[in-house]
Structures are given as C-alpha cells and as structure tokens.
Amino acid sequence: MTPKVYINGKLFDKPDAKVSVYDHGFLYGDGVFEGIRVYDGKVFRLAEHIDRLYDSARHIYLEIPMSRDQMTEAVISTVKANAKRDGYIRLVISRGAGYLGLDPRKTSDPQIIIIVDDITMYPPELYENGMEIVTASTIRNHPHALDPRIKSLNYLNNIMAKVEGAKAGALEALMLNHKGEVAECTGDNIFLVKRGVLKTPPTDAGILEGITRGAVIELARAADIPVAEMALTRHDVYTADECFLTGTAAEVIPVIKCDGRPIGTGKPGPITRQLRERFQKLARE
Ligand code: PXG
C-alpha cells in the first residue's frame, strides 16, 4: 500500500505529499521532529514524544498551531489510515514557507507533517551478535550553540559524525561533548554496564533525552539493576563489561567493540540481553 502522508489535516498519497521549497525547514533546517514506533497497532509512548516535540518547538520559538490532544489524535488517525500494525512515524513540524532570509517572522504557517512508514536501522544479526562503533572527531553540538535536547530538523552535526563512522567501517559513531565526555551516538543514546551497575550520561552531558533511554532506565530500576546517570569518558567505554545503544529506530542494540577495542568479553552481555528482552516485552504489552 502506498503510504498516506498527513499534511496540515489532509492525507496525501506519498508521491503527492509535498511542501514548498521556500519552507524554512528545507532552506535552513528550521523546525523540529519526532521519530516514533508503532508496535502491534499501538503507538509507543506517544504522550512522551508529543511532550518532547512541543518542548523542542517552544525552545526554537515555534508555535505549533494545534493542541497536544489534537496532535495526538492526528497521529493516531494517520496510523489508522495507513493500517499499520508495526511501523515508524515521522512527525515533522517545519517553520513554513517564507521569504529568503533567516527571520522566522517572515514565514507563514508551520507545516505539520505525519509520515507513517517502516524503518530498519541495523541488520538483524547485529542485534544478536553486537555492533562495532568508533569515536567521531566531530563533537556533539555545544549546548550553548544548539542544545542537543532540541530534536531539530538540523541534524548535520550528527550526520557528519555518522559519515566519519561509515568511513571507518562502523554503522554508528560515538560522539563526545565539548568537555571530551561521552555524550551519545548519532541517533541513539549509550549505556555501559560496569560491575553490575548500569551507567549512562546525564542530560547535562549534552544529549537528546531519549524516550527509549527513559524506558530502559525504568526497566532496569524495576529489575533492581542499579542505575547511575553520570559523566563518562572513553576510558569507561573501553573498560566497560557491557555496552548497548538505545533509540526509537535502533531499539536496544549491543555494542561489542569501540575504536577497535573489544568491550568486556567481546560478546553481548547478560544485562544487555535482559534489558533488550524486557524492552521488547514492554513495547508489545
Ligand atoms: N540521540 C539522538 C541524537 C537521536 O536522534 C536518540 C538519541 C534516541 O532517542 P529516542 O527518543 O528515539 O529513544 C535519537 C533518536 C532516524 C531516527 O531516522 C533517529 C532517531 C529516532 C528515530 C529515527 O535516523 N533518533
């Protein structure tokens, strides 16, 4: 079935789903987005995604011309129109079409776009065997430049790091912050396990506060696994017992090597496996 795309309250077949080349989302990356999963016909943690979307929009002075309830309804009805049991939702709010020039005041209505489609981030065997990452030389955006807590349409920072990873033969790249601490990967948050403690960088390390990250922290606490949100360095990654990444698209994926160094035994670890299983259960319950 051709995907049906929601644009400002109307559904369009994928080939007809178009926005203006004058849209500041296209011209400047001026806008915000969310990536959301549908499992068994149910949208995973939709309220959290909607809240993060509105927070991102608030930060960039973008007023979404729709209430959170209306947005929730629009997402659910677009999923229904696409008859999707399992899939991926890309919710995009762009600044809208305007004149050439940065000033957002010269734009008209923000465009509200909801795409419901599929996403495969990594080959399935990597979920069993683990993946390799490398540290990118491109650091994560300085929070005083563009706060990584904003899920903005400007992803060049992450794309540059992703390309570095790809050139080094890795499917994902580790990004440090301006202090040289571990921040996150280009589209996923990072977790380490050391002596039974689950560790992940805190929000003020300059990361996107991932919704999958939040779910995994909750699952760990419920399973009596101690969790520490703390500053981490590459030393912590190299000397960890286990490492995994979390994200809407990636879900929970083990990491077995970083910068050529095997992590722990060089195989996915037991806590990673346990949390991955618990996450899959949670997503489908
Ligand atoms: N960090 C960054 C920089 C991200 O972009 C995450 C962490 C994980 O957050 P969530 O809330 O998803 O657990 C992300 C999310 C894509 C794609 O199309 C990327 C993300 C999510 C969905 C799709 O590459 N990144």
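Bear in mind these aren't lab numbers, they're just calculated from the coordinates by the rules spelled out. Computed from a predicted model, the values in this text were never measured in an experiment. Cβ coordinates were reconstructed from backbone atoms using ideal geometry, including for glycine residues, and neighbour counts include every protein chain displayed.
A few points about this structure:
- Cα centroid separation - the stretch 144-192 against the stretch 54-96, whole Å: 24 Å
- Percentage, to the nearest whole number, of Cα pairs in the stretch 1-133 over 24 Å apart: 35 percent
- Peptides 217-226, 54-63 ranked from most to least packed give 54-63, 217-226, packing being the mean of other C-beta atoms within 10 angstrom over each peptide's residues.
- Relative contact order (%) - criterion: Cα under 8 Å, at least six apart; region: the chain: 17 percent
- Only the Cβ atoms of Lys and Arg (+1) and of Asp and Glu (-1) were treated as charged; on that basis the dipole of the stretch 4-117 about its Cα centre amounts to roughly 220 debye.
- Kirkwood hydrodynamic radius of the stretch 228-273, from inverse mean 1/r over distinct Cα pairs, in Å: 11.1 Å
- Put simply, the chain fits an ellipsoid with semi-axes of 33, 22, 17 Å; these come from the alpha carbon gyration tensor as the roots of five times its eigenvalues, largest first.
- For the stretch 183-244, diffusion coefficient by Stokes-Einstein and Kirkwood Rh (Cα), 20 °C, 1.002 mPa s, µm²/s: 183 µm²/s
- Column: log10 I(q)/I(0), Debye, Cα scatterers of the stretch 124-284, q = 0.16, 0.21 Å⁻¹: -0.83, -1.49
- Taking the longest Cα principal axis of the chain as reference, the axis of helix 211-222 is set at about 40 degrees.
- Partners for Lys151 among lysines (Cα-Cα distance below 17 Å; same-chain residues under 8 apart left out): Lys162
- Helix axis angle, 46-59 relative to the chain longest principal axis, alpha carbon, degrees: 70 degrees
- Helix 156-167 vs. the chain, principal-axis angle (Cα, 0 to 90°, nearest 10): 50 degrees
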